[in-house]
Amino acid sequence: MMTVFWILSLLLAAQGRGGPAQSTASQRPPQTVTPQTYPAEQIKAGETRFSAQCGFCHGRDAAGGETGPDLTRSVLVAQDVRGDKILSVVRSGRQDKGMPPFDMSDADLNAIVAYIHDQKTKGEGLGGGRRNVDVSDLQTGNADAGRQYFNGAGGCAKCHSATGDLAGLATRFQGLTLMERMLYPTNGRPAPAPAKVTVTLPAGEVVKGSLVSRDEFTITLKDDAGMNRSWPVSDVKYTVDDPLKAHYDQLSKYTDDDMHNIYAYLQTLK
């Protein structure tokens, strides 16, 4: 059975919305400004973390998906030197582009950087098109097992109901669109509610709004008046209520069988 991340990295990178599952990469990627090498074990560790945390958007091979750019052809990656540009993006996210911030250890982040650069180096020497993949490759799951996971170990039923908010889901989303909605619903329609932030200032004032960005240094929100307000995280207390957090957390817990089974179950909700 092909893994979900591998299928998505192939099909989503090659497929435009509504177009055929084939494409060519005729232009050479931007050349790495500062060539870098990394230990093989660090690259391997980065591959595992990248697949779990980033592959659903950027493709398991970092070569792009429908919702995330091809990192092997990224100017930012080409100019990055051992994470000096990549790390800030991963930690802060890009809320305007649907990319959430990721809270990972320095070791995991540096391993991801190593993997991206290794894929970039490989990509610089490649040309031509991508493999095709049939959507039927997704149809390998067991709907009964998916129902059990949904209502049990997966915890999906804590937030969703097959007869409530998900009723008729498979009539609204099919194929890879349904898989994308399941794994990473940020870009779905209708758009999910943004993460809500409550900031408590040193004097006790409480400010609430929608999350704009967050990293280890600064948190920024948009208040009810539409103004962006920022504070050093060391100077305030804050809480973030993100309705999609459970989806992000689940990505590192799914096995390939789990994802195929849940997908098969969701296809029955018509």
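Name the residues whose placed amide hydrogens come within less than 5 Å of the amide hydrogen of V212, ignoring near sequence neighbours (fewer than 5 apart) on the same chain.
Distant-sequence amide H within range of V212: T220, L221, K222.
With every protein chain left in place, what is the accessible area per residue of the range 178-259 in square angstrom, probe 1.4 Å?
Per residue, the range 178-259 has 56 Å² of solvent-accessible surface.
Between A203 and A246, what length comes free when the chain is fully extended (0.36 nm per residue of separation minus the Cα-Cα distance, one decimal in nm)? All intermediate terms of the calculation are to be shown ahead of the outcome.
Values: separation 43, 0.36 × 43 = 15.48 nm, distance 3.26 nm.
My answer for the length gained is 12.2 nm.
From largest accessible area down, sort E180, E216; use a 1.4 Å probe on the protein chains.
The residues order as E216, E180, largest area first.
Taking square-rooted eigenvalues a ≥ b ≥ c of the alpha carbon gyration tensor, is the range 24-126 rounded, prolate or oblate, where a/c under 1.5 means rounded and, failing that, a/b exceeding b/c means prolate?
rounded
I need the phi-derived Karplus couplings for the range 30-47: 6.51 cos²θ - 1.76 cosθ + 1.60, θ = phi - 60°, integer Hz, Gly and Pro marked x.
In residue order, the calculated couplings are x, 6, 4, 5, 10, x, 9, 10, 9, x, 4, 5, 5, 4, 4, 5, x, 4 Hz.
With each label point set 7 Å from Cα along the Cα-Cβ vector, what nm distance links E216 and A143?
Inter-label distance under the simple model: 4.8 nm.
Filter K196/K245; K44/K120; K85/K222 down to the pairs with a C-alpha to C-alpha distance above 18 Å, please.
Result: K85/K222 exceed 18 Å.
Amide H neighbours of M99 under 5 Å, counting only residues 5+ apart in sequence or on other chains, H built in-plane at 1.01 Å?
Here R94 satisfy the definition.
For M104 and A170 in the same chain, what is the full-extension length gain: residue separation times 0.36 nm, less their Cα-Cα distance, in nm?
Fully extending the segment from M104 to A170 adds 20.4 nm.
Which ³J(HN,Hα) values, rounded to whole Hz and listed in residue order, are derived for the range 157-173 from phi using the Karplus coefficients 6.51, -1.76 and 1.60 in 6.51 cos²θ - 1.76 cosθ + 1.60 with θ = phi - 60°, glycine and proline given as x?
Karplus-based 3J(HN,Hα) across the range 157-173 equals 5, 5, 10, 10, 9, 5, 9, x, 5, 9, 4, x, 4, 6, 8, 9, 10 Hz.
With a 1.4 Å probe and all protein chains left in place, how much of the accessible area of the range 196-242 comes from carbon and sulfur atoms, in whole percent?
Numbers: 1480 of 2960 Å².
After summing per-atom areas, the C and S share lands at 50 percent.
If r is the Cβ-Cβ distance from R229 to R94 and R0 is 22 Å, what FRET efficiency results, to the nearest 0.05?
E(calc), rounded to 0.05, equals 0.70.
The values are calculated or read from the model by the stated rules, or taken from the named source; none is laboratory data. Source: prediction; values computed, not measured. Quick reminder, even Gly has a Cβ in these numbers, built from the backbone with ideal geometry, and neighbours come from all protein chains shown. Quick note on the areas: whole protein, heavy atoms, side chains included, nothing else; ligands and nucleic acids left out. Shrake-Rupley method; radii C 1.70, N 1.55, O 1.52, S 1.80 Å.
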